[in-house]
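K.L.:
Sharing a structure below in structure tokens format, with a few things to ask.
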Amino acid sequence: MMTRPILAAELVVAWADIQQHHGELPDLAAPESLINETVSVCGPGPSFERLLHEAVHGVAAARGIRDTSRAGRYHNRRFLAVASELGLDHPAEAHVSTGFSLVRMRPETQRLYSPTAERLQLALDAHSAEDRGARRVFLGPAARFGSVGGGVRVKAVCGCGRNLRVVRSVLVKAPILCGSCGEPFLTPTPAEELKHSRL
């Protein structure tokens, strides 16, 4: 399990390289959070391009700029303006759901960060090899994608029988309490589902 700390360290080093060119960028607080992400509205990660995307959010935060809406999914034109300063472009019109999230490095940006990006990629490759060697489990689309990209919604029922449909990843983060009975909404077992369908 050596590649995880090595990858975290390389992410910090790569972030520091971005800071050399953009001094107002705050320090990277939790590189581990980038390691564990697989898919998001910002695209697959981690990668150096993804790290640069996150740096855009860091600079925007340092300036007090609200660069996203819709719970962080929609990346607005203020995000795009900061992204442009950091050497990223969005080649097309805004996406209806995610806005300008899928920015790409310009050729000159790729050249500027080439040694750093190559070093980070070596750590990423080693980390991926470690993951391939470990036992993996399939979590399904709701767990993998959450509410982004039309995550699968599951039925959740409270103590008084009210129900709602919610993305499973939202349900497991924290309890959703019923305003009527005060009980948490839970996903019923197949036996419970059968019992309710007969009522």
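The values are calculated or read from the model by the stated rules, or taken from the named source; none is laboratory data. Just so we're clear, the structure is a prediction, and the values are computed from it rather than from any experiment. Neighbour counts run over all protein chains shown; Cβ positions are idealised from the backbone, glycine included.
K.L.:
Considering only region 77-100, how many residues are more than 26 Å from GLN19 (Cα to Cα), of a type in the set (A, V, I, L, M, F, W, C) and surrounded by 13 or more Cβ atoms within 10 Å (Cβ to Cβ)?
P.N.:
Adding up the residues that qualify gives 1.
K.L.:
Still on this structure, I have one more. Any residue in region 128-143 that is farther than 30 Å from SER69 by Cα, touching a Ser or Thr at 6+ places or on another chain (Cβ under 7 Å) and either among the charged types (D, E, K, R) or at pLDDT 85 or above (or both)?
P.N.:
Yes, because at least one residue in region 128-143 is farther than 30 Å from SER69 by Cα, touching a Ser or Thr at 6+ places or on another chain (Cβ under 7 Å) and either among the charged types (D, E, K, R) or at pLDDT 85 or above (or both).
K.L.:
Hey, another quick one. Got a sec? Which helices (runs of 4 or more DSSP H) wholly within region 38-129 have at least 2 residues that are of a type in the set (Gly, Ala, Ser) and at negative phi?
P.N.:
Result: 48-63, 77-85.
K.L.:
Looking only at region 101-129, which residues are within 27 Å of ASN76 (Cβ to Cβ) and surrounded by 14 or more Cβ atoms within 10 Å (Cβ to Cβ)?
P.N.:
Answer for region 101-129, where residues must be within 27 Å of ASN76 (Cβ to Cβ) and surrounded by 14 or more Cβ atoms within 10 Å (Cβ to Cβ): SER101, LEU102, VAL103, ARG104, MET105, ARG106, THR109, GLN110, LEU112, TYR113, ALA117.
K.L.:
Enumerate the pairs (first residue in region 1-26 and closer than 15 Å to GLY87 by Cα; second residue anywhere and charged (D, E, K, R) and modelled with pLDDT of 95 or more) with beta-carbon separation below 9 Å, excluding pairs fewer than 6 apart on the same chain, so at least 6 apart or on different chains.
P.N.:
Listed by first residue and then by second, the contacts come to HIS22/GLU85.
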